[in-house]
């Protein structure tokens, strides 16, 4: 018997809290439901933090439900204060529209947009043209300031300062749900657990304005066992765009996750059956490396395709096991002017290859014995690489996880 998608999401540790658990579960069992998840296009690529919502949409779509991916071309002009300590930079409409345009290709790897099986809409279409007085008379009257200030997303900001500009975000997000309900009969909003207050606002607004049932549920945030957000590397966020995060770096991030986080990542980020995941994660110690390899390959394949995943896997084998193809690992190609400028000093190359943030950081890594060139430890901060070696390329490593192949371009 096919499982209710509500149970699937619960079993995989994805579903966090729901407004009406039993009603939602019954609705998902009996009907084809239209639901939505919002994505604010504040960058030109999605990152791994967006991937759990995308996986939820795919699970729901596979179960016969219809996803709406809502791009916040309007709300992103305000900025959601949830989880933020400061007001973020306001983007232009051109920047937001360009960012929104980049998202669909990334989403299409996991969602089927053909024949309206999934819909991509932009709330800029209705929010940017709103009249302030009309909006406040129609929507603002349904929100209690006292109730809003009690919400966790606002409480955290009150001490440092919360603008009315940002406070209106809850009204805008709630209005999105109302618009989607009216246009597409969208009855469920899904979002990260930090969106709970905003989502309840939209659900209540539909019930007040339309006298109809509406629901919401949240997904767990992708965090380590220590509660830290996953997807941050020394080079920055783990982007889904290979031009912002090389495929090899993406692969290696998952190959090197902490033992305690492997099962969670496999459950929340892949579509592998739980029986297989449980079996892979039933071991401990070095035996868990197989589960990490499966996680790295599967997730890289989902995001970047089979060919790119195979290249990353080959490069990893070449680096760590001998054999395999090293041409696909992160590469730093040096011009003649680069060679003259750096003098091929390892300190400079560590910075150019983005293994270190600064020369002082690079010197500290060398002094700590954490840097090697072709598996030979670098002993001095003044050490250089012979130019003759660049024809075949040399591999600079920092610690166990940072490396770059350096050659002459």
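List of remarks:
- Normalised by the number of residues in segment 220-358, the mean separation of alpha-carbon contacts (under 8 Å, six or more apart) gives a relative contact order of 21 percent.
- 0 to 90° range, to nearest 10: angle between helix 169-184 axis and the chain longest Cα axis: 70
- Beta bridge orientation in segment 156-310: antiparallel %, DSSP, nearest 5: 40
- Cα-based shape type of segment 270-319, given that a ≥ b ≥ c are square roots of the gyration tensor eigenvalues and the cut on a/c is 1.5: oblate
- The DSSP beta bridges internal to the chain are antiparallel in roughly 45% of cases.
- Where the Cα pairs of segment 264-371 fall when distances are cut into 5 Å bins, in %: 2, 11, 14, 13, 15, 15, 13, 9, 5, 3, 1, 0
- If you wrap segment 331-408 in the convex hull of its Cα atoms and look at it from every side, the mean projected area works out to 4.4 nm².
- Pairwise Cα inverse-distance average, inverted: Kirkwood Rh of segment 5-219 (Å): 17.6
- Gaussian network model of the chain, springs between alpha carbon atoms under 10 Å - residue of 56, 33, 378 with greatest fluctuation: 378
- FRET efficiency for residue 182 and residue 29, using Cβ-Cβ distance with R0 set to 22 Å, rounded to 0.05: 0.30
- Cα long-axis angle, helix 93-107 against the chain (0 to 90 degrees, to the nearest 10): 80
- Going through (i) 23.5; (ii) 21.8; (iii) 22.8, the figure that equals Kirkwood radius over Cα pairs in Å as computed for the structure here is (i).
- Antiparallel content of DSSP bridges confined to segment 5-219, in %, to 5: 15
- By other beta-carbon atoms within 10 Å, ranking 363, 317 with the fewest at the front produces 317, 363.
- Sequence-separation-based contact order of segment 288-409, relative, with Cα cut under 8 Å and 6+ spacing, percent: 22
- Extent along the principal axes, Cα only, for segment 232-326: 34, 28, 25 Å, with the longest axis given first.
- The chain: relative contact order in percent, alpha carbon pairs under 8 Å with at least 6 residues between: 14
- The peptide list 24-31, 178-185, put in order of mean Cβ contacts within 10 Å with the highest first, becomes 178-185, 24-31.
We did not get these values from a lab; they are worked out from the coordinates using the rules stated. Bear in mind that the values here come from a model prediction, so they are computed numbers and not experimental data. Please note: Cβ atoms are built from the backbone with ideal geometry, for glycine as well, and neighbour counts cover all protein chains shown.
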